[in-house]
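Below is one structure, written out as structure tokens; comments come after it.
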Amino acid sequence: VILTNCSSFVACDFCSIFTPPLMDAGIMLATGHTWKQQRRFALRTLRTLGLGKSGLEHRVQEEAHDLVDFFARKPVDPSFALFHSVSNVICAVVYGHRFSREDETFHELIKRLCSTSCVSLPQLYEIFPWLMSRLPGPHKKALACYDKTLQLGTSYETTFNPILFFLTFIYKSLIFHFQSKDEPKSTYNEDNMIYSINDLFLGGSETSSTTLNWGLLYMVKVQKELDAVLGPSKLICYEDRKELPYTNAVVHEIQRFSNIISVGMPRVCVRNTTMLGFPLKKVQT
């Protein structure tokens, strides 16, 4: 029902768990003009940087190789390691390089991102925002990742490879910021850049790493097909999917069969409409 009338529910509702400074910023928390401009910029920039093409394939292969080496050392809970590897691919796009597993700054960012995606009290926070904002708990770490992202994002001038920097999301954001600084309705600024980067981590790391966690449960028959078609030493690439029908089917079925996220972002009506015969007023959640 919502999909057939999606234009009436395109706006995002305000979540109490996010503080006012984050309202209408980035992509996930934005609405209206800000959301349209930031989303358009993000999609266009990610495609330029290799999204959906073979340009990022070597980055994924590099992380896959590092992940296999990590798993080979000793038995370990794969959840955090998968989250780390997926986030490192995003780092290659955003910052121009990956971080080692021993990097404390990046390790802290990953921990805070995990805390954000695993907040267990969103319903209570929505009902009692004043109370929950003063109680200790995992919800207090929900915004801490923004500070760490800001720290990484503003240190590029002294720590990052200047050549690789020209192929990053940050560089593209700054170019648009300078080109549109005289436009009154421009949303290209440092705040939106940081929030959009964080949205890339939250939207990409959690969903992809959860998919991979589920995928580990279905890997026995997949491994047999990979060994039979590719052998034990060849790195898999996108073109190999044509010779791996079972593996290709499993990848698609994981996201259909398994829960990737428990709930989506709340939506609000942008005009008076009806759903299942019930009238919904404008700005109703």
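The values are calculated or read from the model by the stated rules, or taken from the named source; none is laboratory data. Note that the structure is a prediction, hence the values are computed from the model and not measured. Positions of Cβ are backbone-derived with ideal geometry, glycine not excepted, and every protein chain shown enters the neighbour counts.
A few remarks follow.
- Hits in the range 24-52 (condition: under 19 Å from Val270 (Cα atoms) and among the small types (Gly, Ala, Ser)): Ala25, Ala30, Gly32
- The range 83-116, subset under 15 Å from Glu62 (Cβ atoms) and among the polar types (S, T, N, Q), residue modelled with the lowest pLDDT: Ser100
- Residue within the range 214-237 that is under 18 Å from the mean Cα position of the chain (by Cα), in a helix (DSSP H, G or I), modelled with pLDDT of 75 or more and closer than 30 Å to Tyr95 by Cβ present: yes
- Only one of the numbered conditions (1) at pLDDT below 85; (2) surrounded by fewer than 16 Cβ atoms within 10 Å (Cβ to Cβ); (3) part of a helix (DSSP H, G or I) is not met by Ser205, and that is (2).
- Counted residues, the range 72-118 - those being loosely packed, with under 14 Cβ neighbours inside 10 Å and part of a helix (DSSP H, G or I): 4
- On inspection, Asn259 does not qualify as within 24 Å of the chain's Cα centre (by Cα) and either assigned to a helix (DSSP H, G or I) or at pLDDT 80 or above (or both).
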